[in-house]
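See structure below.
What follows draws every value from the coordinates through simple rules; no lab data is involved. What you are looking at is a predicted structure, and each value in this text was computed from that prediction instead of being measured. Note that each Cβ is placed from the backbone with ideal geometry, even for glycine, and that neighbours are counted across all protein chains shown.
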């Protein structure tokens with residue numbers, strides 16, 4: 001990924017975070033948001049995802065969910081939200097808009113900065129949802145899957 005694409009992506013992340021409700025922005029002070037190109041080999045191994053499928057991972061919530069935090073003193077497990085540039089851009093269809101006709105005549109469209117922006121927003125809200133204890137079914141019902 002080029003430095004320009006990283007900068008472009010990170011600017012979109014900054015814009016989206018600035019649009020979040022204040023309480024969610026406060027959450028990111030206690031649960032850092034980490035933006036990387038792709039998951040590390042250790043993350044992929046923990047997820048059971050082969051390295052050739054790394055660009056299918058958009059985000060990851062690590063650490064305990066709010067509903068599973070320990071009240072015992074001394075337990076520290078830094079929770080974090082990770083979002084991955086390559087996965088999000090791939091899910092959105094790339095930076096450039098495209099349009100193709102399927103064999104049955106259906107028009108398929110994808111790509112473009114607006115779709116990348118929307119995929120960043122959905123991924124971020126999805127991982128924040130995990131922080132609050134929502135599972136994949138809950139997030140799917142909310143439109144954040």
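Miscellaneous remarks
- Calculated FRET efficiency, residue 137 to residue 80, Cβ-Cβ distance, R0 = 30 Å: about 0.80 to the nearest 0.05.
- Spin-label model distance (nm) - residue 5 vs residue 34, 7 Å beyond Cα toward Cβ: 2.2 nm
- What separates the Cα centres of the stretch 101-130 and the stretch 1-67 is a distance of 16 Å.
- Residue list for the stretch 78-106, given a label point 7 angstrom along the Cα-to-Cβ vector of residue 114 and an amide N cut-off under 18 Å: 89, 91-100
- Enclosing the Cα atoms of the stretch 1-60 in their convex hull gives a volume equal to 100 cubic angstrom per residue.
- Degrees between helix 113-131 axis and first principal axis of the chain (Cα, 0 to 90, nearest 10): 20 degrees
- Folded to 0 to 90 degrees: helix 3-19 orientation relative to the chain principal axis, Cα: 60 degrees
- Relative contact order computed over the chain (Cα-Cα under 8 Å; 6+ residues apart), in percent: 24 percent
- The smallest convex shape that holds all Cα atoms of the chain, its convex hull, gives 148 Å³ per residue.
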